[in-house]
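Step one of this worksheet: look at the structure below.
The values are calculated or read from the model by the stated rules, or taken from the named source; none is laboratory data. Given the structure is predicted, the values throughout are model-derived calculations rather than measurements. Backbone-built Cβ (ideal geometry, glycine too); neighbour counts: all protein chains shown. Ligands, DNA and RNA are excluded from the accessible area calculation, which covers all protein heavy atoms including side chains. Shrake-Rupley method; radii C 1.70, N 1.55, O 1.52, S 1.80 Å.
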Amino acid sequence: MLEITNLHAKVGDREILKGLTLSVKAGEVAAIMGPNGAGKSTLAHVLAGREGYEVTAGSATFEGADLLALEPNARAAAGLFLGFQYPVEIPGVSNLLFLRTALNAQRKLRGEAEISGAEFLKRVREESAVLGLDMEMLKRGVNVGFSGGEKKRNEAFQLGILQPKFALLDETDSGLDIDALRIVSEGINRFRSPERAVLLITHYQRLLDHVKPDVVHVLAGGRIVETGGPDLALRLEAQGYEGIAA
Ligand SMILES: Nc1ncnc2c1ncn2[C@@H]1O[C@H](COP(=O)(O)OP(=O)(O)OP(=O)(O)O)[C@@H](O)[C@H]1O
């Protein structure tokens, strides 16, 4: 589904991704772990098409199409979703208006009809119930006044509403209390399907206790340096990154 080959990318003058190769298949849940500053969020931003991140070599294709040639909104319409490590607040734009507008903009680019008010509301009710977000909160400005954990739950809510094909989740587990971690994990597990894929950037094995990954990659020094099964995450938890070649 996602094929990244020898990707090099820089921010300003600094090369962060240094020949990263990674493949994620449909149906797969893959985790990316790695030391602070290794380039995990940079990878997420490059894939989403954030400004200021320059790809200098390599390729990334999504379902066979050149992802890097697409504008960010076209990447979203193609089915790519990024859950931010640091969700932003958008005062004056309610969560529900934001999501309905985003969903319809994506549907329009795909040549689909707008979602009906009734269907949108049904999706909102279902997803907010799973994630424990009440309707009053969702009428407030996007993330405005949300606690750190509520912001992360809201990322999972957006995932449930937009129903993309590929979820790239950048530390969606950080800042969650024990119950919220279980709730957000449930949201991610509900999203799992043979047609979709998930790439979880995380520092903690505890998320992977709830969302069992098929594969675990280690990103260090701007490259994937090791790939294994769920046991790799357990080994890292026990041993740290010492001995991992950067
Ligand atoms: N705008 C920028 N200008 C200069 N350096 C940057 C910029 N953005 C990121 N970097 C650097 O790129 C490196 C990789 O950052 P990135 O956020 O991708 O790491 P990460 O693996 O996600 O780390 P963490 O686990 O701490 O979240 C870091 O050393 C960071 O300081």
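Which value, in Å², gives the accessible area per residue of region 2-239 when a 1.4 Å probe is used on the protein heavy atoms? Walk me through the numbers before you get to the answer.
Working: 10710 Å² over 238 residues.
Ligands and nucleic acids excluded, the result is 45 Å² per residue.
Couplings 3J(HN,Hα) for region 54-70, derived from phi with the Karplus relation 6.51 cos²θ - 1.76 cosθ + 1.60 (θ = phi - 60°), are 10, 8, 9, 6, x, 9, 9, 10, 10, 6, x, 9, 6, 5, 5, 7, 8 Hz, where x marks Gly and Pro. Distances between placed amide hydrogens fall under 5 Å for Gly83 paired with Leu168, Leu169, Asp170, all partners being 5 or more residues away or on another chain. When you have a sec, figure out the Kirkwood radius of the chain from all distinct Cα pair distances and drop it here in Å to one decimal? That comes to 18.5 Å for the chain. Take 152-163, 31-42 and order them by the average number of nearby Cβ atoms within 10 Å per residue, most first; the result is 152-163, 31-42. The angle between the Cα long axis of helix 117-131 and the longest principal axis of the Cα atoms of the chain comes to about 50 degrees, rounded to the nearest 10. Taking the C-alpha atoms only, the angle from helix 230-239 to the longest principal axis of the chain is near 70 degrees. I'd like the distance between the alpha-carbon centres of region 85-118 and region 140-216, rounded to an integer number of Å. Distance between centres, Cα-based: 19 Å. For the chain, the carbon plus sulfur part of the accessible surface works out to 52%, probe radius 1.4 Å.
Restricting the count to DSSP beta bridges whose residues both fall in region 102-246, what percent are antiparallel, rounded to a multiple of 5? Intermediate results must be reported in sequence, preceding the final value.
Working: 5 of 10 bridges.
In region 102-246, DSSP labels about 50 percent of beta bridges as antiparallel.
Taking the C-alpha atoms only, the angle from helix 148-162 to the longest principal axis of the chain is near 80 degrees.
All C-alpha to C-alpha distances of region 21-135, sorted into 10 Å bins beginning at zero, yield P(r) values of 10, 34, 36, 18, 2 percent in whole numbers. Of all DSSP beta bridges confined to the chain, the antiparallel ones make up roughly 60%.
For Ile201, the solvent-accessible surface with a 1.4 Å probe is about 0 Å², rounded to the nearest 10.
Quick one: which of Lys25/Lys139; Lys18/Lys108; Lys18/Lys139; Lys10/Lys165 span more than 32 angstrom between C-alpha atoms? It would help to have the intermediate numbers written out before the result.
On the way: Lys25/Lys139 36 Å; Lys18/Lys108 36 Å; Lys18/Lys139 43 Å; Lys10/Lys165 27 Å.
Pairs exceeding the cut-off: Lys25/Lys139; Lys18/Lys108; Lys18/Lys139.
For Ser128, the solvent-accessible surface computed with a 1.4 Å probe is close to 10 Å², ligands and nucleic acids excluded.
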